[in-house]
Structure formats: C-alpha cells, structure tokens
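The values are calculated or read from the model by the stated rules, or taken from the named source; none is laboratory data. Keep in mind that what you see is a predicted model, and the values were worked out from it rather than measured. Because the Cβ atoms are built from the backbone with ideal geometry, glycine has one as well, and the counts that use them run over all protein chains shown. Keep in mind that these areas ignore ligands, DNA and RNA; they rest on the heavy atoms of the full protein, side chains included. Shrake-Rupley method; radii C 1.70, N 1.55, O 1.52, S 1.80 Å.
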Amino acid sequence: MTSIDHPQHPQLAVSGAIFRDDRVLVVRRARSPGKGFYSLPGGRVEFGESLHTALHREVDEETSLKIDIIGLAGWREVLPSSSGGGHYLIMSFAARWVAKEPVLNDEHDDFKWVPPREIGGFKLTGGLEEVVASALELISASP
C-alpha cells in the first residue's frame with residue numbers, strides 16, 4: 001500500500017480536546033488530509049491498543065504534552081469523498097493538560113491555546129466546534 005492508498009475498511013482513531021487555563025489546544029495540519037485546517041491532536045488506534053493508551057501516545061508524539069483524560073466528548077465519522085480518502089471513526093475525548101509545553105512533530109505546523117468561544121474564528125476540521133463544546137461540558141463538570 002502506498003502513502004496515497006487507503007485501507008478498504010474503516011479506521012479507528014482518537015483525538016483530544018485538551019484544556020489548559022480555560023483554553024483548548026488546536027493544531028494546524030501541515031499535510032493532507034486537511035492541510036491548513038486546525039484540528040485536535042490525535043491519530044489512529046493501533047491493533048491491541050486501548051483508546052486511552054492510543055490518545056496518550058498520539059498526544060505525546062504530536063505535541064509532547066502529558067494529559068489527564070476526563071471522558072468521551074463525542075465521535076465523528078469521516079467518509080471517503082468522491083475523489084478518494086479514508087474512512088475514519090474518530091473517538092474524541094476531553095482532557096486536561098498536565099505537563100510540558102507543545103513541541104510539534106512534522107504533522108503540524110502551528111498550535112494555539114484558544115478560548116472555546118473563539119474557536120469559530122479558525123479554519124477548522126468538520127465537527128470540531130461541537131466536540132470542543134461537549135468536551136468543555138465534561139471538563140466543567142469534573143473536579
């Protein structure tokens with residue numbers, strides 16, 4: 001399978017709405033799919049890996065941050081378009097920042113800590129505002 005081929009079955013992925021001081025972290029994708037769009041850190045779940053383990057790994061790989069996962073904020077299904085692309089089921093979690101400062105890998109070229117009410121001012125991946133709103137509710141309700 002080349003880098004432009006996509007599996008012929010859905011892929012399970014995770015993402016994290018990470019909150020720090022009443023702001024949520026968004027990262028800008030440096031390559032396709034979604035190049036130039038702000039999104040949440042995350043990625044594919046590896047075989048035999050729990051969702052929480054996958055999220056901790058992906059957040060560490062993409063941002064170097066340490067997080068505390070609060071709970072499931074929602075999910076989103078991304079279907080292939082007529083021009084191709086993958087089929088993903090993304091499980092999005094609310095999380096709190098615990099330690100370290102963002103250091104991005106090559107998948108992202110920018111990050112911002114944004115007040116959730118201002119997130120709509122960015123070029124976002126689909127469904128991101130709804131996931132952040134749900135995550136904020138979970139964060140607000142947890143001790």
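The modelled label-to-label distance between LYS112 and ARG57, using points 7 Å beyond Cα along the C-beta direction, is 3.1 nm. Looking at segment 70-143, the accessible area is 58 square angstrom per residue; that uses a 1.4 Å probe and ignores ligands, DNA and RNA.
Solvent-accessible surface (1.4 Å probe) assigned to THR63 amounts to roughly 0 Å².
Backbone phi angles across segment 17-31, fed through the Karplus curve with coefficients 6.51, -1.76 and 1.60 (θ = phi - 60°), yield HN-Hα couplings of 8, 9, 9, 8, 6, 6, 10, 10, 7, 10, 10, 9, 5, 8, 8 Hz in residue order; Gly and Pro are listed as x. Taking amide H positions as modeled 1.01 Å from N, with prolines and chain starts lacking one, the residues under 5 Å from TRP75 and 5 or more places away or on another chain are SER92. Among GLY42, GLY74, GLY121, which one moves the most in a GNM of the chain with springs linking Cα atoms closer than 10 Å? Judging by the Gaussian network model, the answer is GLY121.
Among HIS87, HIS108, the order of accessible area from largest down is HIS87, HIS108, computed with a 1.4 Å probe on protein heavy atoms.
Within the chain, what whole-number % of the accessible surface is contributed by carbon and sulfur, with the 1.4 Å probe and all protein chains included in the calculation? Could you put the intermediate results ahead of the total?
Working: 4260 of 8030 Å².
For the chain, the apolar C and S fraction of the accessible surface comes to 53 percent.
Could you pull out which residues in segment 105-139 have an amide N less than 12 Å from a spot 7 Å beyond the Cα of LEU72, following the Cα-Cβ vector? Residues passing the 12 Å test: none. Between segment 81-143 and segment 30-68, the alpha-carbon centres lie 10 Å apart. Taking every DSSP helix (H) stretch of at least 4 residues in the chain, weighting each as -39,500 (n - 2.57) and dividing the sum by the residue count yields a mean residue ellipticity at 222 nm of -6000 deg cm²/dmol. Number of Lys-Lys pairs in the chain with C-alpha atoms under 18 Å apart and a separation of 8 or more places or on different chains: 6.
What is the mean projected area of the alpha carbon convex hull for the chain, to one decimal in square nanometres?
Result: 8.5 nm².
Give the calculated FRET efficiency between GLU46 and ALA141 to the nearest 0.05, with a Förster radius of 25 Å applied to their Cβ-Cβ distance.
Values: r = 31 Å, r/R0 = 1.22.
Computed FRET efficiency for GLU46 and ALA141 comes out at 0.25.
Helix 128-141 against the longest principal axis of the chain: what's the angle in degrees, Cα atoms only, rounded to the nearest 10? For helix 128-141, the angle is close to 40 degrees.
In segment 1-108, which trypsin sites (Lys or Arg not before Pro) are in a loop and have at most 10 other Cβ atoms within 10 Å, using DSSP for the loop call?
Counting only loop positions with at most 10 other Cβ atoms within 10 Å, the trypsin sites (Lys or Arg not before Pro) in segment 1-108 are LYS35.
The C-alpha atoms of the chain define a longest principal axis, and helix 51-63 lies at about 90 degrees to it.
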